[in-house]
1. Within 14 Å, Cβ to Cβ, of B:Ile186, how many net charges do the neighbouring residues add up to if Lys/Arg are +1 and Asp/Glu are -1?
2. How large is the dipole of chain B about the Cα centre if only Lys and Arg carry +1 and Asp and Glu carry -1, each at its Cβ, rounded to the nearest 20 debye?
3. If the cut-off is a Cα-Cα distance under 18 Å, which lysines reach B:Lys326, setting aside same-chain residues fewer than 8 apart in sequence?
4. Within a Cβ distance under 13 Å of B:Gln201, other residues only, what is the Lys/Arg minus Asp/Glu net charge?
5. If the elastic network links every pair of Cα atoms under 10 Å, which of B:Ile248, B:Ile319, B:Ile186 fluctuates the most in the Gaussian network model of chain B?
6. Using a simple charge model, +1 on the beta-carbon of Lys and Arg, -1 on the beta-carbon of Asp and Glu, nothing else, what dipole does the protein assembly as shown show about its Cα centre, in debye to the nearest 20?
7. Which whole number in µm²/s is D for the protein assembly as shown by Stokes-Einstein, with the Kirkwood Rh taken over Cα pairs at 20 °C and 1.002 mPa s?
8. Within a Cβ distance under 15 Å of B:Ile260, other residues only, what is the Lys/Arg minus Asp/Glu net charge?
Amino acid sequence: MLNVKVLGSGCANCKRLEERVRKVVADRGLEAEVEKISDYGQMMRWNLMQTPGLVVNDVLVSAGRIPDEAEIVKWLT
Amino acid sequence: MEQTLQSSVAGRRRADLRAWLVVAAAAAIWLIAYRGIMPLADWLTFGLLGLAPGSRLGESVAFFLYDVPKILLLLSGMIFAISTARSFFGPERTRALLGGKREGVGNVAAAGLGVLTPFCSCSAVPLFIGFVEAGIPLGVTFSFLIAAPMVNEVALVMLFGMFGWRVALLYLVAGLSVAIVAGIVIGRLKLERYVEEFVWQIKGGGGAVAAARPTWSDRFTLAWRATREIVGKVWLFVVIGIAVGAAIHGYVPEEALAGILGRGAWWSVPVAVALGVPLYSGAAGMIPVVQALIAKGAALGTALAFMMAVVALSLPELIILRRVLKPRLLAVFVGVVATGIIAIGYLFNLVL
């Protein structure tokens, strides 16, 4: 089971990233748990300084941008 | 295994070569288009529309038809180039560079890196926490936070397009000076206790970060995406601003504004700064209007102070920063930066 975390404080881009990740998970029927992290202390675990961030199985894979669906698919499969 | 590695390296090289060729072709088309704007605008205005050269309407229309494509081309081209360059300066790197710096040198470095590092006011809070957590002094952190939005690529390109490189450079130097001095002042005031307590409790690190080795093709793709996003956000403001500016150019008499916005009107600088704070998203559109106002007698220092206040002090960013700064520190931040901008306004009005 994959664990996916979207790190962001509620900015527009953070919401868009979360929607996109959920869409990829639903479209592909992936076994993944998607969490939203908005606590700054937790975000600093990955020293994130640009939101939104994307963490897959505890590894930060992207920061400060909204990756396109193809990239997200690559990280999740 | 070795074979797949080699083929992936070869694949990356091919993709990079293709990306460079596409960028080179786009640059050539850009140059041809840029050089063709002036004759095209003249032909459209005085040929196709049949307006008389020298007439008010003719001059306004020619100005509009020339400036809109020129500014939009400049914005797209320059923002693409700047975004590509910025892909080499992440905030992690900036944080590491500023980590060991003292006051003074640190403030200068922070202001300079503020210009180079990609910045979005929506990330101001995690950035602030990240800097403080790394032990970067408060004043140095502020130098970064002031320079990053103030000396931004859209403002610089608009100034370059409307006023030429001298004024753009002047703005860059003035913006850096305000950021450096304001950061030093805030550092000296020892305001650490006015940072929200939770910030000091945060301990970073521990999480794994995927190693990113972006290729040129990745960098260009991301830069192009950033360009589309930024130009998409500002183009309408720019077009409206140029339309208003064109109307002022054609119809407002020369020196009409010298009395209220000229050098002699000492109170116009603080008023311009106070007006600039609540304005935000239309910053790009303000510059053509300001340029037209200057042509009609407004002072350049007053105009630059106004533009700095628009981009450096914005209500949305202050609301975001309130999460980590107590009201007292927020007020000091606004006060110090506004004072710096007003001083710059007076200085330019005096010497230019």
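1. +3
2. With only Lys, Arg, Asp and Glu charged at Cβ, the dipole is about 700 debye.
3. B:Lys190
4. -3
5. B:Ile319
6. That gives a dipole near 460 debye.
7. Roughly 91 µm²/s, to the nearest whole number.
8. That sum, taken over residues with Cβ under 15 Å, equals 0.
Each value in this text was obtained by applying a stated rule to the coordinates, not by laboratory testing. Fair warning: this is a prediction, and the values are worked out from it, not measured in the lab. We place every Cβ from the backbone using ideal geometry, glycine too, and count neighbours over all the protein chains shown.
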